[in-house]
Amino acid sequence: MRRLLFSILAIFVLSAPLAVHAETDPTGQQQPFDEWLVELRAEALAKGISAATLDAALTGLEPIPRVIELDRRQPEFTWTFRKYMEKLVNGQRIEKGKQKLAENVKLLTEIGDKYGIQPRFLVAFWGLETDFGRLAEGYFSTIAALATLAHDGRRSAFFREQLLTALKIIDQGHITAERMKGSWAGAMGHFQFIPTTFDAYATDYDGDGKIDIWGNQGDAYASAANFLTKSGWKGDEIWGREVVLPKGFDFNMADMKVRKTLPEWQALGVRKVGGGNLPVPTNVVMTASIVAPAGANGPAFLVYKNFRTVMVWNRSIFYALAVGQLADRIIGLPAFTTLGPAGGRGLSHAEGMELQQRLSALGFDTGGVDGVVGPKSREAIRDFQRATGLVPDGHPSVELLERVKKGL
Ligand code: CA
């Protein structure tokens, strides 16, 4: 289940606002599940979901303790870029991706042409989300898992909306409550859609009147393709490329917020791997950013619009690079030349919190202390690095934490 951390769901969950304890009474006692369920049912009925659907989906429903356990768990250490790539885009996955592309090339090409998505990218998402459908069925009842989390009180508003939307999907007849299964946090089917994503983007490709993202590959591929195209995918562009940066490159510019045209990056000394000039795009307004996922001592990438679209799917830069690399490798393009320094490890959750606390105490605003080193914390790291004469790559590491401990 560890890989679910990297699914679309995890990102939605992490980005969901912390819950107001809407289902907790003023004395701090949690409302009994059965009472809570009666109210939930009334709300669903008022929203137009049929009594028959609610009877089938909610009768005898009980919370799943394991779901709470999984929700409360903190990963011990974050992964370095190298570890992440070695886990998610290894030789076995690349070989399986080639095989899956070949097996399904007709359907993937048909759907890719209709939506403007190159088939290799659909295969890459498919591989990362459910190991090409192997995990598409899911283990947990989606209704029971979402009810557990909606009742729990930590992020109730978010999960309540997912639960009501899941009930609506059942009511629309796309799937039965028994067959609606997925991850512990409500991600479903071949591409791990949460219910609101299903509601907004899932599509019936084979025209049988049902959107079956669990069992029908056409429906699943078309739903993912529809999400991507509506999120800005460009079917005539690649995701980006690995590049080499010139000596003395200003790492303030290695930031998704900094966008330049390819000729501008070329003028700054950025080159293709091997030293060749950057391509001159036919689309002259095309802009690109530089990312350095392992910091100044690791690889650098020039990333385009499609990379940003992958980050709509999953906000992680590591994930977006994994999609790009897997898609490339599936059609025989080369591996990244480096994944950054070998060995080492990412910061633990506790170390991430300590880093944020110490940076805040030194006057660098991390936007709170939650152990998750996001964009705001990376900005604070850059500010600290600039103030102390380090290369401002914004990269959190054990070494950086040690340096921060010494103060300014
Ligand atoms: Ca269908």
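Laboratory data are not the source of any read-out in this text; all were calculated from the coordinates shown. Treat the numbers as computed from the prediction; the structure is a model and nothing was measured. Because the Cβ atoms are built from the backbone with ideal geometry, glycine has one as well, and the counts that use them run over all protein chains shown.
Which whole-Hz couplings ³J(HN,Hα) result when phi for each residue of the stretch 144-155 is put into the Karplus expression 6.51 cos²θ - 1.76 cosθ + 1.60, θ = phi - 60°, listed in order with x for Gly and Pro?
5, 5, 5, 5, 4, 6, 5, 6, 4, x, 6, 9
How would you rank 213, 94, going from fewest to most other Cβ atoms within 10 Å of each one's own Cβ? Provide the component values of the computation, followed by the final result.
Working: 213 27, 94 19.
Ranking 213, 94 by Cβ neighbours within 10 Å, fewest first, gives 94, 213.
Between the helical axis of 156-171 and the dominant principal axis of the chain, each derived from Cα atoms, what acute angle in degrees is found, rounded to the nearest 10?
Here the helix axis deviates by roughly 60 degrees.
How far is helix 119-130 tilted off the main Cα axis of the chain, in degrees rounded to 10, range 0 to 90?
60
If you average 1/r across every pair of different Cα atoms in the stretch 240-303 and take the reciprocal, what Kirkwood value do you get, in Å? Mind dumping the intermediate values first?
Details: mean 1/r = 0.0856 Å⁻¹.
About 11.7 Å, per the Kirkwood formula over Cα pairs.
Sort 33, 193 so the one with the fewest other Cβ atoms within 10 Å of its own Cβ comes first.
Listed from fewest to most nearby Cβ atoms, that is 33, 193.
Skipping prolines and chain starts, which residues have an amide H placed within reach, meaning under 5 Å, of the one on residue 80, given they are 5 or more residues away or on another chain?
346
Grab the eigenvalues of the alpha-carbon gyration tensor for the stretch 156-265, scale each by 5, take roots, and send me the semi-axes largest first in whole angstrom.
Rounded to whole Å, the semi-axes are 39, 18, 11.
Let me have the 222 nm mean residue ellipticity of the chain computed from DSSP H runs of 4+ only, each contributing -39500 (n - 2.57), with the sum over all residues rounded to the nearest 500.
Mean residue ellipticity at 222 nm (helix-derived): -14000 deg cm²/dmol.
In the structure shown, do any of 114/168; 260/376; 100/260; 47/210; 83/181 have a Cα-Cα gap over 26 Å, and if so which?
In this structure, 114/168; 100/260; 83/181 lie more than 26 Å apart at Cα.
At a threshold of 8 angstrom on Cα-Cα distance, excluding pairs fewer than six apart, so keeping six or more, what relative contact order does the chain reach in percent?
Numbers: 648 pairs, mean separation 70.6, N = 408.
Dividing the mean separation by the residue count of the chain yields 17 percent.
Short version: ³J(HN,Hα) in whole Hz for each residue of the stretch 99-116, in order, from phi by Karplus 6.51 cos²θ - 1.76 cosθ + 1.60 (θ = phi - 60°), x for Gly and Pro, what are they?
5, 5, 5, 5, 4, 10, 4, 5, 5, 5, 6, 4, 6, x, 5, 5, 9, x
Explain nothing, just compute: Karplus ³J(HN,Hα) = 6.51 cos²θ - 1.76 cosθ + 1.60, θ = phi - 60°, for every residue of the stretch 380-387 in order, whole Hz, x for Gly and Pro.
Each residue's phi maps through the Karplus curve to give 4, 4, 4, 4, 4, 4, 5, 5 Hz.
Long-range amide H contacts for residue 300: which residues qualify at under 5 Å (H placed 1.01 Å from N, peptide plane, sequence gap of 5 or more or a different chain)?
243
Expressed as a whole percent, how much of the Cα-Cα distance distribution for the stretch 349-405 exceeds 13 Å?
Within the stretch 349-405, distances greater than 13 Å cover 49 percent of Cα pairs.
Starting from the exponent 0.38 and prefactor 2.2 Å, build the expected Rg for the chain from its residue count and divide its actual Cα Rg by it.
1.05
Amide H to amide H under 5 Å from residue 193: which residues, 5+ apart in sequence or cross-chain, H placed 1.01 Å off N in plane?
188
For the stretch 64-128, just say rounded, prolate or oblate: build the C-alpha gyration tensor, square-root its eigenvalues into a ≥ b ≥ c, call rounded for a/c under 1.5, and beyond that prolate if a/b exceeds b/c, oblate if not.
It comes out prolate by the Cα gyration axes.
Only Cα pairs under 8 Å and at least 6 apart count here; give the relative contact order of the stretch 45-176 as a rounded whole percent.
32
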